[in-house]
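Worksheet: one structure, shown below.
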Amino acid sequence: MPPRSAIDADVRALMGRDGKRAAQKTVLEARQRLTSSSGTRAEFDFELMHDYAAARRGAALPMAAIVCILAIVASFWVPVVFSAFWAALVISSLLVVVLVARRFARSEPAKFNAAKWTTSFIAAETLYGIALSLLALCTVVANPSDVVPVMFAMVLVSIAANAVATHTLPHATLMSTLPVTATVAINLLLLGGTVNYTLAAVVICGEIFFLFLARQLYSSELETISHQSEKDSLISELEEARHMSDEARRHAEQANIAKSQFLATMSHELRTPLNAIIGFSEVLKSELLGPHHVPQYKEYAGDIHASGQHLLNLINELLDLSRIEAGKYELHEEAVSIIDIADDCRRMMELRAKAKGIELVFSTGDNLPKIWGDERAIRQVILNLMSNAIKFTPQHGKVTLVVARSGDGGQLISVKDNGPGIPDGEIETVLSSFGQGSLAHKTAEQGAGLGLPIVQKIMDLHQGRFDLFSKLRFGTEVIATFPRARVMDALAPVTERRNKLEIYSAAG
């Protein structure tokens with residue numbers, strides 16, 4: 001596990017990268033807003049013009065049909081030659097707009113130039129608007145009183161159709177509708193009369209209304225594109241975060257594999273000399289080959305033996321924890337009696353308890369059946385719990401070991417002491433790997449802080465539960481509970497099935 005300082009450094013570096021990335025993103029967005037014709041972002045210009053070109057190409061035939069219908073209707077009041085000429089000129093200018101839109105659709109997005117294409121579209125729309133404005137000449141070639149209503153209707157239809165078709169490019173909307181509006185309104189004002197003045201005012205109001213409508217549609221389209229861009233950005237960031245998470249998990253898995261391989265390799269390399277150290281130190285401590293002439297030699301041999309035993313226990317705990325975390329800790333399950341295992345563990349720990357003057361109390365429930373579990377793992381659970389209790393209990397204290405039924409019909413192992421207890425804020429630390437409480441660290445014997453985490457994981461493998469209750473200066477109680485499903489009397493009875501031959505024989 002890397003030191004906390006290294007983790008903090010990684011966090012600061014990550015935060016620094018995120019802050020730098022956010023600053024770069026802000027600068028980029030500001031630069032795009034300055035170079036964008038829509039005042040937002042450069043890619044929005046492309047989307048808006050793409051929608052404009054698609055709308056113009058898609059509405060080309062309907063618009064041409066509308067122009068033809070208007071020309072046919074107008075031919076009842078104006079000369080056919082003029083209406084046909086006007087329709088041909090408008091359709092030709094519309095064709096120019098469509099050709100520019102098609103050329104835009106075939107262009108490469110990577111080479112997109114917003115200013116260039118905006119100028120091209122506005123020029124084509126201006127030509128189209130001028131062609132439509134020739135409608136005002138109807139009053140010159142025909143009787144004004146007859147053609148004014150028709151001209152008025154044709155203007156409103158043209159303004160509405162063009163405003164809807166070009167709403168994603170506001171300048172194009174203005175240039176395709178303003179010329180015809182201006183010429184017809186001026187023509188009506190020049191003709192004079194209350195009716196013509198009213199119609200001119202309606203045409204101008206219609207132009208303003210449809211420009212406002214086109215602007216609203218443009219704002220709605222721009223908001224939609226903005227939301228879509230934000231969604232795409234979020235998806236991209238989530239995908240990047242997922243890749244980073246996968247990469248981090250892969251590195252963690254590789255580190256875990258390397259750790260397991262290291263422990264597996266070092267276990268043999270460490271245990272072989274450790275066994276020799278423990279064995280020879282025991283020979284020296286016991287003076288099997290003769291008494292020591294210097295008394296300190298015997299004391300030193302005892303220290304060497306105790307240190308070797310401690311180191312061997314630490315290596316065993318590390319290997320057990322590593323196997324459990326790697327999912328390679330296999331349970332060899334059979335029907336076992338928790339009472340018998342607990343009694344063996346009590347006898348093993350009794351000498352340590354007496355050495356500290358600790359009273360060891362053992363209590364069991366009545367008629368407890370066997371459970372289905374791993375005897376070695378359960379023995380390790382009890383030994384770890386009792387060892388911790390004796391370790392943290394002061395001299396002349398008391399440790400109570402209880403094996404009984406749990407409230408849900410399972411069986412529990414309870415170990416309670418009257419030691420210093422654990423502060424509430426340190427319980428989580430005590431239950432973590434290599435974690436030790438402050439008071440326990442000062443008063444207890446040397447340890448690695450792996451006993452309780454190993455107990456937790458062994459209970460998880462047995463589908464059980466582990467609980468720790470502690471109060472400062474009032475001691476600690478730990479309870480390991482095995483589920484009811486592992487109690488042998490909770491299993492369904494096994495019925496013996498008879499084969500068909502036996503059944504037929506019995507029937508005969």
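Values quoted throughout were computed directly from the atomic coordinates according to the rules given, and no laboratory measurement underlies them. Please read all numbers here as calculations on a predicted model, not as lab measurements. Note that each Cβ is placed from the backbone with ideal geometry, even for glycine, and that neighbours are counted across all protein chains shown.
Structure data summary
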quantity: Filter result for Thr272 (more than 24 Å from Phe46 (Cβ to Cβ) and surrounded by 11 or more Cβ atoms within 10 Å (Cβ to Cβ)); calculated: no
quantity: Members of region 152-169 found to be aliphatic (A, V, I, L, M) and not in a loop (DSSP other than H, G, I, E, B), listed by number; calculated: Ala153, Met154, Val155, Leu156, Val157, Ile159, Ala160, Ala161, Ala163, Val164, Ala165
quantity: Members of region 302-314 found to be crowded, with 16+ Cβ neighbours inside 10 Å and out of contact with any Asp or Glu (no Cβ under 8 Å at 6 or more places or on another chain), listed by number; calculated: Ile304, Gly308, Leu312
quantity: Boolean, His167 is surrounded by fewer than 24 Cβ atoms within 10 Å (Cβ to Cβ), of a type outside the set (A, V, I, L, M, F, W, C), within 50 Å of the chain's Cα centre (by Cα) and over 21 Å from Trp77 (Cα atoms); calculated: no
quantity: Conditions (1) without any contact (Cβ under 8 Å) to a residue 40 or more places away in the chain; (2) under 28 Å from Asn384 (Cβ atoms); number of the one not met by His293; calculated: (2)
quantity: Enumeration of residues in region 328-385 that are assigned to a helix (DSSP H, G or I), farther than 23 Å from Leu431 by Cα and over 48 Å from the mean Cα position of the chain (by Cα); calculated: Asp340, Asp343, Asp344, Arg346, Arg347, Met348, Glu350, Leu351, Arg352, Ala353, Lys354, Ala355
